[in-house]
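In what follows, a structure is listed as structure tokens, so that the remarks can point back to it.
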Protein chains: 2
Amino acid sequence: MKVGVLGTGVVGKTIGTRLLGLGHEVWMGSRSAHNETAAEWAAEGGDGAGHGTFSDAAEFGEVLFNGTAGASSIDALTAAGEGNLADKTLIDVANPLDFSHGMPPTLTIANDDSLAETIQRTFPYARVVKALNTVNCRVMVEPSRVPGDHVVFVCSDHPGAKAEAGRFLMEFGWTSAQIIDLGGIRAARTTEMYLPLWVTLMQKLGTADFNIALSR
Amino acid sequence: MKVGVLGTGVVGKTIGTRLLGLGHEVWMGSRSAHNETAAEWAAEGGDGAGHGTFSDAAEFGEVLFNGTAGASSIDALTAAGEGNLADKTLIDVANPLDFSHGMPPTLTIANDDSLAETIQRTFPYARVVKALNTVNCRVMVEPSRVPGDHVVFVCSDHPGAKAEAGRFLMEFGWTSAQIIDLGGIRAARTTEMYLPLWVTLMQKLGTADFNIALSR
């Protein structure tokens, strides 16, 4: 499948590389058409890999991943172009974290709203799915890094897009039992608000290779 | 030990009854000295049980539990009296939940602050410990209701109070491996911000007898 990955940081690169390994064609999008990180990633990625502007990547992808920093996601998606997002599944793995006030981080959007809801409101023709944002990017694409039946959460107002996101998650290695459907996109605020605890636990445990499981 | 439990709701009653069962003397405090729920609870509780105003219960207790609703905790503690809180371990299990805007609940204090931090700031001579607020009250006092090595979190600026709270948790049945020390009271915001996800999961799972475990 043709996938556009927005963002050239560790999240974008990790997701992009994993998608290539699964046989997808991947374009990485960034602010500039000549981003060195993206160019290097695409060169290493071989035949299926490309790179360009946010708009180039969004146009290329039949499915899109938002792997940009939460604070700049709206700008990145605006640059991608509303028309290039329309009717596409947009899997938002970002978190609106703000580390400028020390630890734990605050969220730039919280409590009665979320980044994913903001994206869905701003780009109403995109089919936004919040997913995977509660784990480190290496765990996102390789859940077996962490033992046990730990879980991730998905939510969306678009059932078809949620199902498509679920298929990508299962390609990454998540089992259906590990994927918890929280309902509509409004639930994204609950998973984003978990992040301050996640960051605190990461510091406490000294590793990002952890996750939560549900005991019941 | 003499314990004051503030709040006559299901949280206060559940904690109070468990403490009585463990051999502690417990006074339940409420807004009025003649609260029917508290009087009934104390009558059922037998010799070790008493009830009175917030001030009566706080004066009685060598250790205090805040089991009031988060939105009224500051009022309740103000009524308890600063002098009755001074130098005492105050175990805050409350959450500042607001269900008035639908599901998931919002928090009346969130992101860059928390109820526990507000309590500590407002009553600087109390030794506030945030604990147990991430599970249902029946799980708080009987963790074996949920299978597995699920966890709870404690944080406080007062190491001695944190250790005392930990001893109560272990009396309730939590093992030391299940009690995660998140550091100072500032970390309370991270556990309170988990509550919208907790409530969403409770609805999804159809039970409050669940908790999170850490996979690593």
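Assorted remarks:
- Across the copies of the chain, B:G9 has label points (7 Å from Cα along Cα→Cβ) spaced 3.7 nm apart, shortest distance listed first.
- Label-point separation in nm, B:D149 to A:E62, each point 7 Å along Cα→Cβ: 4.4 nm
- 10 Å Cβ neighbours from other chains, averaged over peptide A:194-203: 6
- Estimated inter-spin distance, B:R138 and A:L22, nm [label 7 Å along Cα→Cβ]: 3.9 nm
- Each Lys or Arg adds one and each Asp or Glu subtracts one; over the other residues with Cβ under 10 Å from the Cβ of B:L107, this totals -3.
- Annotation: the antiparallel percentage among DSSP beta bridges lying fully within region A:58-216 is about 35.
- Unit charges at the beta carbon, dipole of region B:139-216: most positive-side option, B:T200, B:A188, B:M140: B:T200
- Cα-based shape type of chain A, given that a ≥ b ≥ c are square roots of the gyration tensor eigenvalues and the cut on a/c is 1.5: rounded
- Packing rank of B:64-71, B:5-12, A:152-159, where each peptide gets the mean count of other beta carbons within 10 Å, highest leading: B:64-71, B:5-12, A:152-159
- Helix A:195-205 and the longest principal axis of the C-alpha atoms of chain A enclose an angle of approximately 70°.
- Residue by residue along B:181-192, Cβ atoms of other protein chains within 10 Å of the local Cβ number 4 on average.
- Summary of the geometry: region B:21-61 and region B:115-133, compared by the centres of their Cα atoms, lie 22 Å apart.
- Each copy carries B:T175; placing its label point 7 Å along the C-beta direction from Cα gives inter-copy distances of 2.3 nm, listed from smallest up.
- Spacing of the modelled spin labels on A:D181 and B:A177, each 7 Å from Cα toward Cβ, amounts to 3.5 nm.
- In this structure, A:E36 and B:T37 have a Cβ-Cβ separation that, at R0 = 60 Å, corresponds to a calculated FRET efficiency of about 0.35.
- Cα gyration tensor, region A:99-196 - rounded (a/c under 1.5), prolate or oblate: oblate
- Sequence ranges A:53-61, A:203-211, ranked by mean other-Cβ count within 10 angstrom, highest first: A:53-61, A:203-211
- Beta bridges per DSSP with both ends in the protein assembly as shown, % antiparallel, nearest 5: 25 percent
- Cα long-axis angle, helix A:159-172 against chain A (0 to 90 degrees, to the nearest 10): 90 degrees
- When the helices of chain A are scored as -39500 (n - 2.57) per DSSP H run of n ≥ 4 and the total is divided over every residue, the value at 222 nm lands at -10500 deg cm²/dmol.
- Amide H to amide H, with H built 1.01 Å from N, A:D181 comes under 5 Å of A:V154, counting only residues 5 or more places away or on other chains.
- Anisotropy class of region B:1-84 from Cα gyration tensor, a/c 1.5 cut: prolate
- Across B:K162/B:K204; A:K88/A:K130; A:K88/A:K162; A:K13/A:K204; A:K13/A:K162; B:K2/B:K162, pairs whose alpha-carbon gap is larger than 21 Å: B:K162/B:K204; A:K13/A:K204; A:K13/A:K162
- Averaged over the residues of peptide B:112-121, the number of Cβ atoms from other protein chains lying within 10 Å of each residue's Cβ is 1.
No value in this document is a laboratory result; all are computed from the given coordinates. For clarity, every value in this text was computed on a predicted model and none was experimentally measured. Using ideal geometry, Cβ is built from the backbone for each residue, glycine included, and neighbour counts are taken over all protein chains shown.
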